[in-house]
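Structure first, then comments.
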Amino acid sequence: MVQAVRLTATWVLPIDAPPIRDGAVLVASDGRIAAVGTAADVPNPLTTLSHEFPHGILAPGFINTHTHLELTGLEGTVPDRSFPDWIRTLRQRKATRDPTAFRDAAREGLRRSFASGVTTIADTGDSGATVDVLGELGGAGIYYQEVFGPHPDQAQESLADLVQTMKGLDRRGSSPRIRLGVSPHAPYSVSGPLYQAVGQYARELGWPIAVHLAESQAETDLVTRGKGHFADAWAARGIPPLADVSHGGGDRSTRSPVAWVDHHGVLGSTTLCIHAIAIDAADIALLARTDASVAHCPRSNLYHHDHTAPLTSLQAAGVRVGIGTDSEASVSPADIRMDARLAASTAGLAAEDAVRMLTMDGAHALDDSTVGNLAPGQWGDVVVVSGGECSDPYAGLLRKESRVLATWIGGRAVYPIP
């Protein structure tokens, strides 16, 4: 339980209703929103904490649909622009990091998230540190445990390790606002048999899935032609190439990476596809048909690939799309409003649509109906941003000059740190 809190601002953005001028939000002691409306209409009980933001814009806490909090602190240390080379260097950096450093990094990453107005994260990692830090700092979201194994002979061993790890994580996650999921990493690091096994395991246990997918041309070359940088790296490590199913072999065919993971039972309504850059109309139709969602990471996409996801085509097809920052080893700072501004400018979105991606659309992408808008019964996850003097509060919230003033999760202040 928390102390009830009443917040007032020049503008309140419920997201699923029109903006409210001189509005207020009341969060009850159970951490849920009790009332939203004009300041004149929202009750002000005597025992309630009150905070006024006369030039602020009050909105639902932002939803970051893709992070790697355990990589915080690596910004600037992985300089390779070539994506395959960057992956290799990052793997080397992680291998030399002390295990306790991952928890310190995740803690710092989560605090930076709060400072940027993020209240729900979808984090992928393989150290498990984020689960502990979410519980420690009162965060909310999903932690996806990564699993790797490009050699088909590794599949059963990798799955067994994942099962054992998930049992341990399940015992460590004590908050109802922390969900667990699994992440068979990417087509260049996971074999077909391992994808199949993890997909089945996730369905049986009810775990959501996150997968880095259609992230680069090198990935597409590996899956469709058995050529390119990743294929060469596999050959150097003694990993057999994907066989050609069209000739009675194993896994490789003219299937795109999206179709390939679907062939192995990975796509579904609880699957989050991270990046989804190298996709075409058939891939988009498949994502829509399987009801998979997408984590759109505009800055990371441009940094690594000089390209970005076909956002408007995905949205037009009905695919659920949220915004992600990716890791600070890719782009820094992890300010999700920077990604929203870039998404808006490259796709020609209105400010209101971009803010919706930060909030309600992100919640839908994570299959979470308890956050993303301000309404009675929803979690009291709230961010206040400066810029209330703007006549268009959506534009004011995204404005580069605006700054996050305060963040609450479930009615508890997490930024500034109390």
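Quick note: the coordinates plus some simple rules give every number you see, no bench work behind them. Keep in mind the model is a prediction, meaning the values are calculated, not measured. Counting neighbours? That spans all protein chains shown, and the Cβs are built from the backbone with ideal geometry, glycine included.
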Query raised in the report: How do 306-318, 160-172 rank on mean C-beta neighbours within 10 Å, highest first?
Result: 306-318, 160-172
Query raised in the report: Using just the C-alpha positions of region 251-354 as equal point scatterers, what log10 of I(q)/I(0) does the Debye formula give at each q in 0.19 1/Å?
Result: -0.94
**Report entry** Options ALA129, HIS185, ALA197, ranked by Cα towards positive dipole end of region 96-223, top entry (Cβ charges)
**Finding:** ALA129
Report task. Could you tell me whether region 146-243 comes out rounded, prolate or oblate from its Cα gyration tensor? Rule is a ≥ b ≥ c as square roots of the eigenvalues, rounded for a/c under 1.5, then prolate if a/b exceeds b/c, otherwise oblate. Result -> prolate
Query raised in the report: Once Rh is set to the Kirkwood radius over Cα pairs, what Stokes-Einstein translational diffusion coefficient, in µm²/s, holds for region 305-366 at a temperature of 4 °C and a viscosity of 1.567 mPa s?
Result: 107
Query - For region 53-155, size of Cβ-based charge dipole, Lys and Arg +1, Asp and Glu -1, in debye - result: 240
Requested in this report: Give the share of C-alpha pairs in each 5 angstrom bin for region 79-124, from 0 to the last occupied bin, in whole percents, shortest bins first.
Outcome: 5, 18, 18, 17, 21, 19, 3
Query - Mean separation of Cα contacts under 8 Å, 6 or more apart, over the residue count of region 171-240: relative contact order % - result: 29
Report summary line: Binned at 10 Å starting from 0, the alpha-carbon pair-distance distribution of region 1-100 in whole percents comes out as 13, 30, 15, 13, 23, 5
Requested in this report: Treating cross-link reach as a plain straight distance, find the lysines whose alpha-carbon is under 29 Å from the alpha-carbon of LYS400, omitting any fewer than eight places away in the same chain.
Outcome: none
**Report entry** Ratio of the Cα radius of gyration of region 109-190 to 2.2 N^0.38 Å, where N counts its residues
**Finding:** 1.18
Query raised in the report: For THR100 and LEU302 in the same chain, what is the full-extension length gain: residue separation times 0.36 nm, less their Cα-Cα distance, in nm?
Result: 69.6 nm
Query raised in the report: Remind me, relative contact order of region 341-418 in percent, using alpha carbon pairs under 8 angstrom and six or more residues apart?
Result: 23
Requested in this report: Compute the FRET efficiency between GLN164 and ASP22 as 1/(1 + (r/R0)^6), taking r as their Cβ-Cβ distance and R0 = 51 Å, and round to the nearest 0.05.
Outcome: 0.40
Query - Geometric extent, Cα atoms of region 330-384 - Rg, Dmax (angstrom) - result: 12.5, 38
Report summary line: P(r) of region 278-418 over all Cα-Cα pairs, 5 Å bins starting at 0, rounded to whole percent, reads 2, 10, 16, 20, 22, 16, 9, 4, 1, 0
Query raised in the report: Assuming R0 = 35 Å, what is the FRET efficiency of GLU157 and GLU136, from their Cβ-Cβ distance, to the nearest 0.05?
Result: 0.65
Report task. Name the residues whose placed amide hydrogens come within less than 5 Å of the amide hydrogen of GLY56, ignoring near sequence neighbours (fewer than 5 apart) on the same chain. Result -> THR10, TRP11, GLY388
Query raised in the report: When the dipole is taken about the Cα centre of the chain, and only Lys, Arg (+1) and Asp, Glu (-1) are charged at their Cβ, what size is it in debye, to the nearest 20?
Result: 400
Query raised in the report: Can you work out ³J(HN,Hα) from phi for every residue in region 256-264, in order, using Karplus 6.51 cos²θ - 1.76 cosθ + 1.60 and θ = phi - 60°, giving whole Hz and x for Gly and Pro?
Result: 6, x, 5, 5, 5, 5, 5, 4, 9
Query raised in the report: Once the other residues with Cβ under 13 Å from the Cβ of HIS275 are scored (Lys, Arg +1; Asp, Glu -1), what is the net sum?
Result: -4
Report summary line: Between THR271 and residues 5 or more places away or on another chain, the pairs with built amide H atoms under 5 Å apart involve ILE209, SER293
Report task. Any chance you could run the full-extension gain for ALA281 through ARG225? It's 0.36 nm times the residue separation minus the Cα-Cα distance, nm to one decimal. Result -> 18.2 nm
Report summary line: the chain: longest segment with zero exposed GluC sites (Glu not before Pro), where exposed means DSSP loop plus at most 14 other C-beta atoms within 10 Å, is residues 1-388
Query raised in the report: When only C-alpha pairs under 8 Å and at least 6 residues apart count, what is the relative contact order of region 1-159, in percent?
Result: 19
Query raised in the report: So if R0 is 35 Å, what FRET efficiency would LEU205 and SER345 give, r being the distance between their Cβ atoms, rounded to the nearest 0.05?
Result: 0.30
Report summary line: Amide H proximity to GLY410 below 5 Å, modelled H, separation 5+ or other chain, gives GLY380, ASP381, VAL382
Requested in this report: Report the charge-dipole magnitude of region 1-127 in Debye, nearest 20, computed about the Cα centre from +1 at each Lys and Arg Cβ and -1 at each Asp and Glu Cβ.
Outcome: 320
Report summary line: Here the equivalent ellipsoid of region 151-208, derived from its Cα gyration tensor, has semi-axes (largest first, whole Å) of 23, 11, 10
**Report entry** Proximal aspartates and glutamates to LYS94, defined as alpha-carbon separation beneath 13 angstrom and excluding residues fewer than eight positions away on the same chain
**Finding:** GLU70, GLU75, ASP126
Query raised in the report: Can you give the extra length, in nm with one decimal, that the chain gains between ASP291 and SER369 once fully stretched, where that is 0.36 nm per residue apart less the Cα-Cα distance?
Result: 26.5 nm
Query raised in the report: What do the square roots of 5 times the Cα gyration tensor eigenvalues come to for region 45-202, in whole Å, largest first, as semi-axes of the equivalent ellipsoid?
Result: 33, 20, 14
Report summary line: For the chain, using Cα atoms only, the Rg and Dmax in Å read 21.4, 75
